[in-house]
Amino acid sequence: MALEVKLQVFEGPLDLLLHLIEKNKVDIYDIPIVEITAQYLDYIRQMETNDMNVTSEFLVMAATLLDIKCRMLLPKEVNEEGEEEDPRTELVQKLLEYKMYKYMSYELKDRQVDAGKVLFKEPTLPKEVADYRQPVDYEELLGDMSLSKLHEIFKSIIKKQEDKIDPIRSKFGKIEKEDVDMEAKQLYVEELVKRTRHCSFRELLENQKSKMETVVTFLVILELMKSGKIVITQEHIFDDIIIDYKENESLQMTSS
């Protein structure tokens, strides 16, 4: 008669490692890697499963344990701060995180079980009782209150509301952001001057819809002057400024 061996089913390699650590009652921060690796490999040899994904997970952890075991036999590496690095550090961190999530899942499961034991009773009060409202004695409620006292209370409430209003800031207007496309405005002004050959600076600004468009138009005029595309003239001070389109000199020479 063959000996039948029953293996405990683990959710993954970390679950198996955590079980071995708790079973051997060792410090998780100081894992005896040789002993734990040997026990882990024994379980792998006895494990029977046709799921390659599950098997590969356990084999990857086995390779990781063997790698840590080999690194433990070599001289310890030193980091930039001059401290010796423990090859088990990363594994310990993963085990601690897995242990935390595992016990959190137990807590959630207990809450689910407790919630399943909670029963709610539908209200069975008669409609007359549910709709009952205690009568209000208005004479007792008003007491010695009079219309003059009510008026004084009303005026005090209104005054408190008015005191909350800032006399200066309450008169401020609303600031709204206005986007004006300067390139589109420049193209518009340039085409207008080119088509009309000359135009009034005052009329050009008066046709703008907002202060922001007026400012942008003024900047566009300065830019066109700087690039030599227009010429402005003014005969007397405070007279209107006339904008003239400047022909390209090369085109003038070609046409002549």
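In this structure, is ASP144 part of a loop (DSSP other than H, G, I, E, B), of a type outside the set (Val, Ile, Thr) and out of contact with any helix residue (DSSP H, G or I) (no Cβ under 9 Å at 6 or more places or on another chain)? Judged against the criteria, ASP144 is a match.
All conditions but one from (1) surrounded by 10 or more Cβ atoms within 10 Å (Cβ to Cβ); (2) of a type in the set (Lys, Arg); (3) closer than 17 Å to PHE10 by Cβ apply to ARG45; the one that does not is (1). Would you please name the residue that is nearest to LYS229 (Cα to Cα), looking only at residues in the range 179-217 that are outside any helix (DSSP H, G or I) and of a type in the set (Gly, Ala, Ser)? That would be SER200. Listed by first and then second residue, the pairs with beta-carbon distance under 7 Å, at least 6 apart or on different chains, first residue in the range 64-75 and closer than 20 Å to PRO13 by Cα, second modelled with pLDDT under 85 and not in a helix (DSSP H, G or I), are ILE68/PRO87; ILE68/ARG88.
To keep it simple, each residue is scored yes or no on (1) exposed (fewer than 12 other Cβ atoms within 10 Å of the Cβ); (2) of a type outside the set (Asp, Glu); (3) modelled with pLDDT of 80 or more.
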{"residue": "GLU191", "(1), (2), (3)": "yes, no, yes"}
{"residue": "ARG195", "(1), (2), (3)": "yes, yes, yes"}
{"residue": "HIS198", "(1), (2), (3)": "no, yes, no"}
{"residue": "LEU205", "(1), (2), (3)": "no, yes, yes"}
{"residue": "MET212", "(1), (2), (3)": "no, yes, yes"}
{"residue": "SER227", "(1), (2), (3)": "yes, yes, yes"}
{"residue": "GLN234", "(1), (2), (3)": "yes, yes, yes"}
{"residue": "PHE238", "(1), (2), (3)": "yes, yes, no"}
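Considering (1) within 18 Å of LYS99 (Cβ to Cβ); (2) in a helix (DSSP H, G or I), say which one TYR43 fails and leave the rest. The number of the failed condition is (1). Taking the range 109-141 on its own, how many of its residues are in a helix (DSSP H, G or I) and loosely packed, with under 10 Cβ neighbours inside 10 Å? Counting residues in the range 109-141 that are in a helix (DSSP H, G or I) and loosely packed, with under 10 Cβ neighbours inside 10 Å gives 13.
In the range 80-91, the condition of being part of a helix (DSSP H, G or I), under 43 Å from the mean Cα position of the chain (by Cα), under 19 Å from ILE31 (Cβ atoms) and without any contact (Cβ under 8 Å) to a residue 40 or more places away in the chain is met by at least one residue.
If the condition is being in contact (Cβ under 8 Å) with a residue 40 or more places away in the chain and not hydrophobic (A, V, I, L, M, F, W, C), then the range 197-229 contributes ARG197, HIS198, SER200.
The values are calculated or read from the model by the stated rules, or taken from the named source; none is laboratory data. Because the structure is a prediction, the values reported are computed rather than measured. With ideal geometry, Cβ positions are generated from the backbone for all residues, glycine too; neighbour counts draw on all protein chains shown.
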